[in-house]
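Single-structure report; data block below.
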Amino acid sequence: MMQHSYLRKVAAGVMTAAALVTTMGTPAMAEAPLPLTCLLVPAQISDIGSDRVGIVRDVTVRRADYVAAGDALLLVDAEVAKSDLEVAQISIGALQERLERSEGLLARSLISQDEIGTLRADLALAKASATRAQMEIDRATIRAPFAGYVAEVDVAVGELIGPDPLLRLIDVTTLHAELVFLAGAYGQVALGDVMEVQVADAQVEATVFAIDPFIEPTSNAFTVMAEIANPDLSLPAGTSCQVVN
């Protein structure tokens, strides 16, 4: 009887030990780290300026306007360049006529080759002046470098502009989720990871495309950037978001 009791105790101990080993050998499923902050920002932001000094003659856009790539945003005075172009074109016409007549005289040895060479050089300089004047005229129209929305207009007609930004253009058809994680999460997020992000009542996918290769010492955190498609513009830039596990 005592032997049977002893065997039952041994069996119970073995089962308890086996259960403990099984429990210890099966790690708990780790949840994906959650960021401290999540903010949606435009995929492209451009503070647009001019490489010339001049008077603004026209501002063709307003805040919140949509523009296509290459659309005019504002016009800078180009009257001097237009005058230079007219002078150059007059010179080109006159020199071409003189050169044609002189080449006929050269065939009859009534003009030297040096004089022909001088006329050709003057014609080339006039054409270069015309090209430069046209470039100045083209530069007077500041155009959108990409399709997007005008976020700010910091210039008005009649203002003298310099190197400071004049307008801000943003592209919100694609958004970037800017996610800040504590240093302990470093290595737990990889390029190409797809996260579920909650924005107000919408839940969308964000694909990681950039991870800071360093920890910011002041905050003990690092930043991850993830891309979100926003073709219907249903998600406004500047909105806070939340990663859903």
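The values are calculated or read from the model by the stated rules, or taken from the named source; none is laboratory data. Just so you know, these numbers come straight off a predicted model, no measurement behind them. Cβ atoms come from the backbone with ideal geometry, glycine included; neighbour counts cover every protein chain shown. Areas reflect the complete protein model, heavy atoms only, side chains present, ligands, DNA and RNA absent. Shrake-Rupley method; radii C 1.70, N 1.55, O 1.52, S 1.80 Å.
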Quiz item: Can you tell me the accessible area per residue over segment 75-233, all protein chains present, probe 1.4 angstrom, in square angstrom?
Solution: 58
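Defining a contact as two alpha carbons under 8 Å apart and six or more residues distant in sequence, what relative contact order in percent does segment 170-212 show?
Reported as a whole number, the value is 31 percent.
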Quiz item: Roughly to the nearest percent, how much of the accessible area of segment 166-238 is carbon and sulfur, given a 1.4 Å probe?
Solution: 54
Exercise. Could you please report the charge total around Ile90, scoring K, R as +1 and D, E as -1 over all other residues with beta-carbon less than 12 angstrom from its beta-carbon?
Key: -3
Quiz item: Remind me, relative contact order of segment 166-245 in percent, using alpha carbon pairs under 8 angstrom and six or more residues apart?
Solution: 41
Exercise. Find the all-direction average of the projected area of the Cα convex hull for segment 90-245, expressing the result in square nanometres with one decimal place.
Key: 18.5
